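Some notes on the structure that comes next.
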Amino acid sequence: MGMKTKITVALSGLNNTDNPGPGVPVIRGIRESEYFDPRIIGLAYENLEPAIYMRGVVDKTYQVPYPSEGSGVLINRILEIHRRDPIDVVVPNFDAELYAFMRSEKVLEDAGIRTFIPTLEQFEERHKEHLPEFGKKYDLHVPFSKSITGLDEIRKLKDDFEYPLMVKGKFYDAYLAYNEEQVRMHFNKITAKWGVPVIIQEFIKGTEVNVVALGDGRGNTIGAVPMRKQYITDKGKAWAGITLDDRKMLDLTSEIMEKTKWRGGMELELIKSHRNELYIIEINPRIPAWVYLAVGAGQNLPEAMVKLALGMEVKPFGTYEVGKMFIRYSYDLITDLKEYEKLSTQGEL
């Protein structure tokens, strides 16, 4: 292998708290590339996102406005950064940012910035509130669910559901409720944060399993690694996990990729019922925070995604190592107030 190709990649998702963003593991994958010599630009929404201060992770950080300030504001900031510090590929790592990037894909591409993300239609149809229709359209097992927008609808849930049931926010958050009172409590908590609708979903008894996958936008699965969470935080995040030898999970992933022609990263959240059936409980439209397990098991999906963004030929990964584990840990990072202040006042570091 000769010289590596120099490349600048900008990424968000630099928060590495108990609700970790995918930024750091995606960066680690790209840094371990055999093809690229990457310069990494961090896009930070908050001044305290740990990856900003981690040595050897991000080369330069710029502050960006929240997508809620309007997708134009966010995209203009990225174009402004690009004019001063040219970006080859941008990798958005949060669901809430994807709208802005999907709408502005052409604008970014005209400026010379590549992305590899789902289409607006792909993004919309796998939304939690549309999952039942998605299941019907593609003939997949999906738990029964219903969207509600007001507290008055909670009383009627017993006509359609048995308790316990799942109460979910449209972007994040999922709680198990054993009675109406608990549904009300979770409904209030979720709507305060994410607004309506709140999704009520049938609770399927079984084991939660996940797949991280990458689709090429033409129906092919470039890579897919199934895992089972070994340890789960109170936010429901995997803090340890293990790769599985599960043909059925891989077949389901390929089927979804083929039918939807998915473009970009995806996380499938599945429940394996006692009868060994796989139910899709969520499809996340991006690379998940545990993607480094896939890298460790032999599938460098972040690197493959950057290649796809650049229009390079990418061959599907044939295998991965079964029984590979990841264990997350916390780490006290020491930095200087000077650094923090510089980012706060100048918007870059």
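Only alpha carbons enter this Debye calculation for region 205-327, each as an equal point scatterer, and the log10 of I(q)/I(0) it gives at q = 0.10, 0.11, 0.17, 0.18 Å⁻¹ is -0.27, -0.33, -0.81, -0.90.
Under a Gaussian network description of the chain, with springs only between Cα atoms under 10 Å, the residue in 209, 107, 291 that fluctuates furthest is 107. Sorted ascending by nearby beta carbons within 10 Å, beginning with the fewest, 325, 305 become 325, 305.
A straight line joining the Cα centroids of region 125-139 and region 237-284 runs 15 Å.
Just the C-alpha atoms of region 1-76: what Rg/Rh do they give, with Rh taken as the Kirkwood radius?
Numbers: Rg = 13.5 Å, Rh = 13.2 Å.
My calculation puts Rg/Rh at 1.02.
Take every Cα-Cα pair in region 275-318 and report what % of them are more than 14 Å apart. Value for region 275-318: 62 percent of Cα pairs lie more than 14 Å apart. Structure note, pairs 6/307; 170/193; 136/158: Cα-Cα distances above 19 angstrom occur for 136/158.
With each run of n ≥ 4 DSSP H residues scored as -39500 (n - 2.57), what mean residue ellipticity at 222 nm is computed for the chain after dividing by its residue count and rounding to the nearest 500 deg cm²/dmol? Walk me through the numbers before you get to the answer.
Working: 12 runs with 110 residues, N = 349.
So the calculated ellipticity at 222 nm is -9000 deg cm²/dmol.
Under a model in which nothing but the beta-carbon of Lys, Arg (+1) and Asp, Glu (-1) is charged, the chain shows a dipole of about 300 debye around its Cα centre. The residues 152, 173, 88, when put in order of fewest to most other Cβ atoms within 10 Å, stand as 152, 173, 88. Comparing 244, 151, 140 in a Gaussian network model of the chain (Cα springs below 10 Å), the most mobile by mean-square fluctuation is 151. Across 224, 192, 174, mean-square fluctuation computed from a Gaussian network of the chain (C-alpha pairs under 10 Å connected) peaks at 192. As an equivalent ellipsoid, region 156-202 spans semi-axes of 17, 10, 9 angstrom, where each value is the square root of five times an eigenvalue of the C-alpha gyration tensor, largest first. Going by neighbour counts of Cβ atoms within 10 Å, the residues 290, 239, 262 line up, fewest first, as 239, 290, 262. The Stokes-Einstein estimate for the chain, based on a Kirkwood radius over Cα pairs and taken at 20 °C with 1.002 mPa s viscosity, is a diffusion coefficient of 102 µm²/s.
Each value in this text was obtained by applying a stated rule to the coordinates, not by laboratory testing. Note that the structure is a prediction, hence the values are computed from the model and not measured. Positions of Cβ are generated from backbone atoms using ideal geometry, with glycine treated the same way; all protein chains shown enter the neighbour counts.
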